[in-house]
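Below you will find the structure I want to go over with you.
Only the coordinates and a few stated rules stand behind these numbers; no lab work does. Fair warning: this is a prediction, and the values are worked out from it, not measured in the lab. Here Cβ is always computed from backbone atoms with ideal geometry, including for glycine, and neighbour counts include all displayed protein chains.
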Amino acid sequence: MQVLLVDDNPLMQQVISRFLMSQGYQVGVAPSGKEALALVRREGCQLLVIDMRLPDQDGPDLLLALRREPGLERCPAIAVSGLGEDDRERTVAAGFDAFLAKPIDLDELSAAVQRFVGAPGQRLDGGPALRVVGA
């Protein structure tokens with residue numbers, strides 16, 4: 001899995017995951033912090049996309065928990081928030097690498113994902129290409 005999307009809103013899950021999959025990324029979806037931790041423990045990931053407000057914890061707390069997992073210490077993370085600019089400073093202080101306000105501009109999302117993960121099928125570290133969904 002390249003991208004882990006953590007959002008409890010089913011519409012946001014569909015829009016973001018389908019868009020990223022249409023771009024060739026592998027996406028795992030979790031509606032809560034607890035499920036996000038279970039998913040990365042099974043599959044790992046290269047990028048975290050985390051909603052700031054989740055039913056069981058907030059985004060910054062989840063980011064800290066995820067970055068304690070082996071292999072995720074430096075995993076880049078994008079915060080998404082329906083509160084817009086009110087959450088930007090909080091996400092930077094929490095260690096997120098980027099911030100996107102809802103409604104999410106899909107072009108901005110695509111640019112952010114490419115910045116952190118690279119284009120689908122490419123690895124930024126020069127390693128072997130990632131498996132592309134549908135390939």
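Give the residues of the range 16-54 that are of a type in the set (S, T, N, Q), touching a residue at least 40 places away in the same chain (Cβ under 8 Å) and farther than 20 Å from Gln114 by Cβ, sorted by residue number.
Of all residues in the range 16-54, those of a type in the set (S, T, N, Q) come to 17, 22-23, 26, 32, 46.
Imposing the further condition that a residue be touching a residue at least 40 places away in the same chain (Cβ under 8 Å) reduces the set to 23, 26, 46.
None; the set is empty.
Please work out if Gln57 is over 12 Å from Leu5 (Cα atoms) and among the polar types (S, T, N, Q). Don't jump to the end; show me each part of the working.
Details: over 12 Å from Leu5 (Cα atoms): yes; among the polar types (S, T, N, Q): yes.
The answer is yes for Gln57.
For the subset of the range 101-118 comprising residues that are surrounded by 15 or more Cβ atoms within 10 Å (Cβ to Cβ) and free of Cβ contacts under 8 Å to residues at least 24 places away in the same chain, which member is farthest from Leu5 (Cα to Cα)?
Gly118
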